Amino acid sequence: MKKLQSSLKNMLLVLTGVTAVSVALLAYVNELTKGPIAEANAKTLNEALKKVLPEFTNNPVAESDTIFGEKDGKKFVDFIVYPAKNGEELVGTAVEAKSMGFGGELKVLVGFNAEGKIYNYSLLAHAETPGLGSKADKWFGAYDPTKGEQGVTHEESTKSILGMNPGEAPLTVSKDGGSIDAITASTISSRAFLNAVNAAYQAYKAEGGEVNGVTGASQKAAGENADADAATGATIKVELTDSISAN
């Protein structure tokens, strides 16, 4: 009996030691990779912003505004709005939005020009079926103006959303009475993508994206609270109603 108790005690000590070492190693590896992962994410975001916006000279990330939603008493990031300026002129706004697709959350970055028309978009993350829902990254007419590729206007393709203004009419697939062709065999993914785009426009509108020369965030801050932080592009947290949620 004493031998058995001794063996159990040794096993527990060994398991505790192994667990402690494993946790320490994981923490060490996480610390080593945290920086490179953050740099890679920042690079991906910056490349996406250049793709979806007209040429800009400011730093949209530094001037970005975060819009929070709330569910079950907990706040979460609903949208991130990136203003693009050429000098002092607001030339466009990019909005990061999300929606639930067929395979899980779908995250998209939508760029609007100063008139509120879709300039371009980038599918940042998704869990859609390869070869089907994953085609959303190109199906809806995205192109890369930085590489000199010619854009596809909506008049030329019933798939394309480029040049459209969701403020005039929400974007919907033809199966639901809209004018946009869904991805073949991926209607759910197509609906989710367009829901995210429509939600992005609502966030863009809520931030005053079509105001001439200044971002809506700066204008709201100046009007509601003449705070010095507004002039420096401080993040403004805005509560949105469920009616413009992407989900």
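The values are calculated or read from the model by the stated rules, or taken from the named source; none is laboratory data. A quick note: this is a predicted structure, and the numbers were derived from the prediction, not measured. Ideal geometry is used to build each Cβ from the backbone, glycine not excepted, and the neighbour counts take in all protein chains shown. The area values use the complete protein model at the heavy-atom level, side chains included, leaving out ligands, DNA and RNA. Shrake-Rupley method; radii C 1.70, N 1.55, O 1.52, S 1.80 Å.
Within region 24-55, take every residue that is part of a helix (DSSP H, G or I), in contact with a strand residue (DSSP E or B) (Cβ under 9 Å, 6 or more places away or on another chain) and charged (D, E, K, R) and give me the one that is most open to solvent (accessible area, probe 1.4 Å). Here the answer is GLU47. The listed residues are ASN58, ASN86, ASN120, and the only one of them that is open to solvent by less than 10 Å² (accessible area, probe 1.4 Å) and either among the polar types (S, T, N, Q) or over 30 Å from SER186 (Cα atoms) (or both) turns out to be ASN120. Of all residues in region 146-178, those that are more than 17 Å from LEU106 (Cβ to Cβ), at pLDDT 90 or above and more than 20 Å from the chain's Cα centre (by Cα) total 7. Whether a residue is in a helix (DSSP H, G or I) and modelled with pLDDT under 95 was assessed, and ALA62 does not pass this test. For TYR143, the criteria (1) under 25 Å from LEU45 (Cβ atoms); (2) open to solvent by less than 70 Å² (accessible area, probe 1.4 Å); (3) out of contact with any Asp or Glu (no Cβ under 7 Å at 6 or more places or on another chain); (4) modelled with pLDDT under 80 hold in every case but one, which is (3).
Inspection of region 53-65 finds no residue satisfying the criterion of being in contact (Cβ under 8 Å) with a residue 24 or more places away in the chain, among the β-branched types (Val, Ile, Thr) and closer than 23 Å to LYS107 by Cα. Restricting region 129-140 to residues that are open to solvent by less than 40 Å² (accessible area, probe 1.4 Å) and out of contact with any Phe, Trp or Tyr (no Cβ under 6 Å at 6 or more places or on another chain) leaves a set whose member that is modelled with the highest pLDDT is PHE140. Checking the structure you have, find out if any residue of region 75-91 is free of Cβ contacts under 8 Å to residues at least 12 places away in the same chain, under 28 Å from GLY133 (Cβ atoms) and out of contact with any His (no Cβ under 7 Å at 6 or more places or on another chain). Yes, the conditions are met somewhere in region 75-91.
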